[in-house]
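Undergrad: This is the structure I have questions about; it appears just below.
The values are calculated or read from the model by the stated rules, or taken from the named source; none is laboratory data. Fair warning: this is a prediction, and the values are worked out from it, not measured in the lab. Neighbour counts are summed over all protein chains in view; Cβ atoms, including those assigned to glycine, are modelled from backbone coordinates with ideal geometry. All accessible areas refer to the heavy atoms of the entire protein, side chains included, with ligands and DNA or RNA removed. Shrake-Rupley method; radii C 1.70, N 1.55, O 1.52, S 1.80 Å.
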2 protein chains.
Amino acid sequence: MNDAREVVVLRYGHRPGRDDRMTTHVGLTARALGADRVILPDNAGQSAETVRDITDRFGGPFAVELRDDQKAFVGNFEGVVVHLTMYGERVQDVEEDVREAVGLDEPEVVGEASPPRDLLVVVGGEKVPWALYERADFNVGVTNQPHSEVAGLSVFLDRLFEGAELDREWADADRRVVPEAIGKTVVDAGEEVADDDGSDPAGPS
Amino acid sequence: MNDAREVVVLRYGHRPGRDDRMTTHVGLTARALGADRVILPDNAGQSAETVRDITDRFGGPFAVELRDDQKAFVGNFEGVVVHLTMYGERVQDVEEDVREAVGLDEPEVVGEASPPRDLLVVVGGEKVPWALYERADFNVGVTNQPHSEVAGLSVFLDRLFEGAELDREWADADRRVVPEAIGKTVVDAGEEVADDDGSDPAGPS
């Protein structure tokens, strides 16, 4: 979303069949809420295809990558690693530290902002190895309650970017939705104004 | 979460099998992020059971209800209805209006706050009828991009409550997670301090 740093979301583990929709939703949420890239396990090809298809239609830039070396990728990542887990520190307590670590903080003195660093956000799927808890610069809990990795990721990204991700503009889109009080209006991406054309982009659901 | 008003999340539509995990995650997210009750379609009994089980173990109050009259329930709801949809108005543009409508706004003059009203948040599943767009007081898009109903719900609730839901305390819990930088510590709900006991509450995943 920003040239200064890359924000990467990594889905750790995937059980084909059982996890397909959750993994797809992790990828789509990463895209919609400001990340630059998602890395999925290499057995999640179907989810990758869906996320790429949405990117083709609704715009980017957003990269989708399948990898089989997730453990090594996390270990070797040159940047800040956040691991989202219900056992972690409370997001409201550490979000400012994370923002400062990647250079998204508001400097008190002009020119005193931290330098931008890349950020890797790890979202657990099947059992996450203990080494990941130790490698992470921050283990972060969006509440310490069991709920949803998609919910945790979305609240974390919205707080990381302080809502700026909601104003993101999309490049190379075929179509876009026109926000409105009552309606379902989809127009060609270049179009400025249009009436409801009755079309319904086949979103995932 | 608050005695003054009830915040209810309603999942519209459910396809057994295919939607089980998404519906479960809608319910768990509603609970974890400050809603008081979730209403699921009556064919989502398995999801309801999971959410009730988590509430038994990790605390409440939180109610789970199965209903077969969702359309009538929405139509007759006495309070404010928000429908989350990628076609809706941008959440950043209308969140203050929603807060004001349910009496969660900050009054500029003491005593000028709006009176509390109940809030129903409708989360789409299978195709939502047009009448619901018309009944809703607010059709709201958490981005106008296709992503995840769980992501939309979680960002909406976090913004509705302005983060206060993260500090919620839980009653009648058997156990609780101790937030920490590196660890997976679960203690009896009444316990004040404890070392890592190595246990692992079977969360949904």
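Undergrad: A:R168 label point, 7 Å along Cα→Cβ, cut-off 14 Å on backbone N: hits in the range A:132-156?
TA: In the range A:132-156, the label zone of A:R168 (backbone N under 14 Å from the point 7 Å along Cα→Cβ) covers A:153-156.
Undergrad: Using a 7 Å offset from the Cα along the Cα-to-Cβ direction at both A:W130 and B:V110, what is the distance between the two label points in nm, to one decimal?
TA: 5.5
Undergrad: If you look at just the Cα atoms of the protein assembly as shown, how large are its Rg and its Dmax in Å?
TA: For the protein assembly as shown, the Cα-based Rg and Dmax read 20.5, 61 Å.
Undergrad: While we're here: Quick one: label points 7 angstrom along Cα→Cβ at B:L66, distances to the other copies in nm, smallest first?
TA: Values, ascending and in nm: 3.8.
Undergrad: Here's something else I'd like to know. B plus A alone minus the pair: what accessible area, both sides summed, probe 1.4 Å, in Å² to 100? Intermediate values should be presented prior to the final figure.
TA: Values: alone 11210 and 11190 Å², together 17280 Å².
Protein heavy atoms only, the B-A interface buries about 5100 Å².
Undergrad: Kindly work out what percent of the DSSP beta bridges joining two residues of chain B are antiparallel, to the nearest 5. Numbers along the way, then the final one.
TA: On the way: 6 of 30 bridges.
Looking only at bridges with both residues in chain B, the antiparallel portion is about 20 percent.
Undergrad: How far apart are the A:D42 label points across copies, placing each 7 Å from Cα toward Cβ, in nm, shortest first?
TA: 5.0
Undergrad: Calculate what fraction, in whole %, of the accessible area of the protein assembly as shown sits on carbon and sulfur atoms when a 1.4 Å probe is rolled over the protein chains.
TA: Carbon and sulfur together cover 44 percent of it.
Undergrad: With +1 on each Lys and Arg Cβ and -1 on each Asp and Glu Cβ, and nothing else charged, work out how big the dipole of the range A:1-89 is about its Cα centre, in Debye to the nearest 20.
TA: Working: 11 positive and 14 negative charges, 53 e Å.
Dipole about the Cα centre, nearest 20: 260 debye.
Undergrad: Straight-line reach from A:K184: which lysines have a Cα under 23 Å away, not including same-chain ones fewer than 8 places off?
TA: Answer for A:K184, where 23 Å is the Cα cut-off: B:K71, B:K127, listed by chain and number.
Undergrad: Given chain B, report the % of alpha carbon pairs whose separation exceeds 26 Å. Don't jump to the answer; show the numbers that get you there.
TA: Working: 7528 of 20910 pairs.
So the pairs more than 26 Å apart make up 36 percent of the total in chain B.
Undergrad: Kindly work out what percent of the DSSP beta bridges joining two residues of the range B:1-84 are antiparallel, to the nearest 5. It would help to have the intermediate numbers written out before the result.
TA: On the way: 1 of 9 bridges.
For the range B:1-84, the DSSP antiparallel bridge percentage is about 10.
Undergrad: When the helix-only estimate is applied to the protein assembly as shown (DSSP H runs of n ≥ 4, each -39,500 (n - 2.57), divided by the residue count), what is the mean residue ellipticity at 222 nm, nearest 500 deg cm²/dmol?
TA: Numbers: 12 runs with 126 residues, N = 410.
The helix-only estimate for the protein assembly as shown comes to -9000 deg cm²/dmol at 222 nm.
Undergrad: Can you give me the C-alpha center-to-center distance between the range B:67-104 and the range A:1-59, rounded to a whole angstrom?
TA: Between the Cα centre of the range B:67-104 and that of the range A:1-59, the gap is 29 Å.
Undergrad: Hey, can you list the DSSP H helices of chain B whose Cα span along the axis is 30 Å or longer and whose average Kyte-Doolittle score is at least 1.0?
TA: Values: long enough: none.
In chain B, no H run is both long and hydrophobic enough.
Undergrad: Inter-copy label distances at B:A171, 7 Å along the Cα→beta-carbon direction, one decimal in nm, shortest first?
TA: Label-point distances to the other copies, shortest first: 5.4 nm.
Undergrad: Report relative contact order for chain B in percent, whole number only (criteria: Cα-Cα under 8 Å, sequence separation at least 6). Spell out each step's value before the answer.
TA: Details: 381 pairs, mean separation 51.8, N = 205.
Across chain B, relative contact order equals 25 percent.
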